[in-house]
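Undergrad: Below are the structure tokens for one structure; questions will follow.
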Amino acid sequence: ILNVEQSPQSLHVQEGDSTNFTCSFPSSNFYALHWYRWETAKSPEALFVMTLNGDEKKKGRISATLNTKEGYSYLYIKGSQPEDSATYLCAFGGATNKLIFGTGTLLAVQP
Amino acid sequence: EPEVTQTPSHQVTQMGQEVILRCVPISNHLYFYWYRQILGQKVEFLVSFYNNEISEKSEIFDDQFSVERPDGSNFTLKIRSTKLEDSAMYFCASSEEAGLDSNSPLHFGNGTRLTVT
């Protein structure tokens, strides 16, 4: 059974703090790792799709790294803002069309 | 920006009834999906659909479930005889591409909350 784990489950930070979360996934049959940002009452929104070992991607204050050999990805948020409050989901894409999601990390940024 | 739309946003039905959840994917996308999230659990894959046929389905997607793209814009999920355990948030998604090494993200709708009583 393929399993994707995320940690921590939840995180409370102050505005301005930098933070990071972890996603671990199977290191075999890897094809892609997705990150999504999911605000309450909205749809999950794609942040990054990474396919190559060593990939680093950045969008504004958010960045992500990928290590496919050891099966982990980090998501970093620099200088957290209240509007960053959301659940951050990672999802593993193997040799099929389906994504296997982690449980998510719930981030709450206090002003 | 184009988006995936789902209707209804909330559906309440009695056990044993049929429900149809509707989705309009982004118009130039070729791959369509249904995922669901039971409260407190992970988002889980149900089915993917390409070129008017199912390309992959999970073990959840048994013969009580079916999908259809009846008119080139709508993409529907039908549950023939709902069970209590079908209560979940159902998400439709679409992507430009899929498969090995694809860089295409999924674009999700806002979901339909299905409550089976």
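Undergrad: Under a point spin-label approximation (7 Å from Cα along Cα-to-Cβ), what is the residue B:17-residue A:28 distance to one decimal in nm?
TA: In this crude label model, residue B:17 to residue A:28 measures out at 4.6 nm.
Undergrad: Also, quick follow-up: What residue among A:91, A:32, A:41 has the largest mean-square fluctuation in a Gaussian network model of chain A, using Cα springs under 10 Å?
TA: Judging by the Gaussian network model, the answer is A:41.
Undergrad: Could you tell me which GluC sites (Glu not before Pro) in the stretch A:42-71 are loop residues by DSSP with no more than 14 other beta carbons within 10 angstrom of their beta carbon?
TA: The qualifying sites are A:70.
Undergrad: If you average the alpha carbon positions of the stretch A:1-34 and of the stretch B:1-66, how far apart do those two centres end up, in angstrom?
TA: 25 Å
Undergrad: How many partner chain Cβ atoms sit within 10 Å of a residue's Cβ in peptide A:48-55, on average, as a whole number? It would help to have the intermediate numbers written out before the result.
TA: On the way: counts 2, 6, 1, 4, 1, 0, 0, 0.
Per-residue shielding by partner chains comes out at 2.
Undergrad: Using every Cα-Cα pair within the stretch A:54-94, state what percent have a distance larger than 12 Å. Show your work: numbers first, answer last.
TA: Values: 546 of 820 pairs.
So the portion of pairs separated by more than 12 Å is 67 percent.
Undergrad: Rounded, prolate or oblate: which fits the protein assembly as shown, taking a ≥ b ≥ c as square roots of the Cα gyration tensor eigenvalues, rounded meaning a/c under 1.5, else prolate when a/b beats b/c?
TA: Prolate.
Undergrad: Then there is this: Which net charge results when you count Lys and Arg as +1 and Asp and Glu as -1 among the other residues whose beta-carbon is under 12 Å from that of residue A:77? Could the numbers behind the result be given before it?
TA: Numbers: positive: A:37, A:58, A:59, A:61, A:78; negative: A:15, A:17, A:83, A:84.
With Lys, Arg at +1 and Asp, Glu at -1, the net is +1.
Undergrad: Springs between alpha-carbon atoms under 10 Å, Gaussian network over chain A: tell me which of A:67, A:29, A:97 tops the mean-square fluctuations.
TA: So, out of A:67, A:29, A:97, the one fluctuating most is A:97.
Undergrad: A further question follows. Could you state the number of Å between the C-alpha centres of the stretch A:39-111 and the stretch B:69-83?
TA: 30 Å
Undergrad: Evaluate E = 1/(1 + (r/R0)^6) for residue B:66 and residue A:53, where r is the Cβ-Cβ distance and R0 equals 45 Å; express this FRET efficiency to the nearest 0.05. Mind showing how you got there, number by number?
TA: On the way: r = 39 Å, r/R0 = 0.87.
According to the calculation, E is roughly 0.70.
Undergrad: Would you please give the FRET efficiency between residue A:95 and residue A:15, computed as 1/(1 + (r/R0)^6) with r the Cβ-Cβ distance and R0 = 30 Å, to the nearest 0.05?
TA: Working: r = 42 Å, r/R0 = 1.39.
The formula returns an efficiency of 0.10 here.
Undergrad: While we're looking at this one, here's another question. Quick check: from the Cα gyration tensor, does the stretch A:1-81 come out rounded (a/c under 1.5), prolate or oblate?
TA: Numbers: a/c = 1.73, a/b = 1.57, b/c = 1.10.
Taking the square roots of the gyration eigenvalues as a ≥ b ≥ c, the stretch A:1-81 is prolate.
Undergrad: Report the semi-axes of the equivalent ellipsoid for chain B in whole Å, largest first, where each axis is √(5λ) for an eigenvalue λ of the Cα gyration tensor.
TA: Numbers: eigenvalues 104, 41, 38 Å².
Working through the eigenvalues yields semi-axes of 23, 14, 14 Å.
No value in this document is a laboratory result; all are computed from the given coordinates. These figures come from a predicted structure and were not determined experimentally. Ideal geometry is used to build each Cβ from the backbone, glycine not excepted, and the neighbour counts take in all protein chains shown.
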